[in-house]
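Worksheet: one structure, shown below.
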Amino acid sequence: MTKVQAVLVAVMITLSVSFSIHQINPFSALSTTKNISVVKPDSALVKPQWISVYDSLDLKKQGLSEKAFYYAWVGFQKMNLHNPIMAIADFTQSSRNKRLYVIDLIKRKVLLNTYVAHGRNSGQEFAEHFSNDNSSFQSSLGFYKTLGTYQGKHGLSLRLEGVEKGINDRALERAIVMHGADYVSESFIKSTGRLGRSQGCPAVSIADSKTLINLMYNGAGLFIYSADQKYVKASSLLSGLMPDHGQALGAPLL
C-alpha cells in the first residue's frame, strides 16, 4: 500500500466513525432544535364539575355552604327533574342573611339570592330543629319538587311535594308552600334582630315571591339544608356519600 493510499484509508475510517456516532446519538436532534416544548396533562388540576360550577358562580363569596351545594348537586341529579332550576335554602346561616339561592343549572347563573324564613318552632335566628309532623310548626329538611300554584291567604303560593319518605313527605298535607310574607323583610330584621318565622313554610318577601314562583313552578327543585348529620344518613338521595363531602360513590356530573 502506498503512502497516499494509507492516508485515504485513514480519512475514510475517521469519517465513518464520526457518522456512526452522530446516528446513534438520540439527543442530537433536540440539541439543534429550538422552541420545542412538551405539555403533560396534570390530572390533579382537573376539578369535579360541581366544584367548577360552585367556583364560577362565586357562591362561596355569596355565603352558600360548599357542602350544601354539593348535596344539592347530587340529589337533584337523582331526582331527574325536567325544570333545570335548583333552589337551595342554606339553614346553617342566620336568618339575617340572604340564604336562599335560585340557580339555573343550564345557563349556570344565579337567578335570585334572597331571604327565606324557617318555622317558628325550628329556632329563633337560626333553624336548629326540624320535623315532618303535622302542627309542629317546624321546617322539614331535604329535597322537594315544585308543583302548581294557587291563591291562598298569603296570595300567590307554590305547592311543594316532599320527596323523602319520613323526612318531608307530609309537606302537602301540612300545606308547606312557598309564599310571600310581610315578616320576611329587612325592616323586620332591623326591628327584631332576626327574620320573622313561618308555620314551617320557606316563606320569602312579598317583593320576591312572584318572581320566585314564576321561576320555580311546575317541576323545579328545592333543597333545604342544615348541618344535621341524622338527615344525611337518613336521606335516600344522599346515600353513598362519604363523610368527606368531596368524595362520593360514583362521579356526580350533570
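The values are calculated or read from the model by the stated rules, or taken from the named source; none is laboratory data. All of these numbers come straight from a predicted model, not from anything done at the bench. Cβ placement follows ideal geometry from the backbone for every residue including glycine, while neighbour counts extend to all protein chains displayed. Heads up: the accessible areas ignore ligands, DNA and RNA and are worked out on the full protein's heavy atoms, side chains in. Shrake-Rupley method; radii C 1.70, N 1.55, O 1.52, S 1.80 Å.
Of the chymotrypsin sites (Phe, Trp or Tyr not before Pro) in region 93-137, which ones lie in a loop per DSSP and count no more than 10 other C-beta atoms within 10 Å?
none
Report Rg/Rh for region 134-227, rounded to two decimals, where Rg is the Cα radius of gyration and Rh the Kirkwood radius.
0.96
If each Cα of region 36-161 is one equal point scatterer, what is log10 of I(q)/I(0) from the Debye formula at q = 0.17, 0.18 Å⁻¹?
-1.02, -1.13
Probe radius 1.4 Å, ligands and nucleic acids ignored: give me the carbon and sulfur share of the accessible area of region 132-232 as a rounded percent.
Carbon plus sulfur share of accessible area: 47 percent.
Residue by residue through region 71-86, which ³J(HN,Hα) values in whole Hz follow from phi under the Karplus form 6.51 cos²θ - 1.76 cosθ + 1.60 (θ = phi - 60°), with glycine and proline marked x?
4, 4, 4, 5, x, 5, 5, 5, 6, 6, 6, 8, 9, x, 8, 10
Past 26 Å, Cα to Cα: identify those pairs from Lys190/Lys210; Lys47/Lys78; Lys67/Lys165; Lys47/Lys67; Lys61/Lys153, in the order given.
Lys61/Lys153
Karplus couplings for region 90-100 from phi (6.51 cos²θ - 1.76 cosθ + 1.60, θ = phi - 60°), rounded to Hz, Gly and Pro as x?
Each residue's phi maps through the Karplus curve to give 8, 7, 6, 8, 5, 5, 6, 8, 7, 10, 10 Hz.
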